[in-house]
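Readers should treat all values here as calculations from the given coordinates under stated rules, not as data from a laboratory. The structure displayed is predicted, hence computed values, not measured ones. Cβ atoms come from the backbone with ideal geometry, glycine included; neighbour counts cover every protein chain shown.
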Amino acid sequence: MLITTQLQRAFHFTDKEQEIQLADPSITFSPEAVLNFYSNTYPILTTARIEGPEIKNDKLVFVFVTTMGTKG
């Protein structure tokens, strides 16, 4: 018999060379809604784009990538 389970989501971003892991505020939120939710706390996320999901350690990992503070 085949059993299916829903993978947990994880959200990561890098700020000042430090990787920050964010909890999933609600499974009903889209990744874009999660980005908007956390942009109030982390203003650097207002210009971020979403990469992923990628499956790592039985989790769906989304990465918020920002170009703020980079040259070129």
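Each part gets one Cα centre, and for the stretch 14-34 versus the stretch 36-56 those centres are 5 Å apart.
Please get the size of the charge dipole for the chain, origin at its Cα centre, with Cβ charges of +1 on Lys and Arg and -1 on Asp and Glu, quoted in debye to the nearest 20.
80 debye
By DSSP, the beta bridges lying fully in the chain are antiparallel in about 65 percent of cases.
Cβ-Cβ distance of Thr4 and Val65, R₀ of 35 Å, FRET efficiency by 1/(1 + (r/R0)^6): the value works out to about 0.70.
What range in the chain is the longest one free of trypsin sites (Lys or Arg not before Pro) that are in a loop by DSSP and have at most 15 other Cβ atoms within 10 angstrom? Let's see the in-between values first.
Working: sites that count: Lys16, Lys71.
That would be 17-70.
For Ala10, the residues whose amide H sits under 5 Å from its own are Leu60, Val61, Phe62, ignoring neighbours fewer than 5 places away on the same chain, with H placed 1.01 Å from N.
Estimated from helical segments only, the mean residue ellipticity of the chain at 222 nm is -3500 deg cm²/dmol, where each DSSP H run of four or more residues counts as -39500 (n - 2.57).
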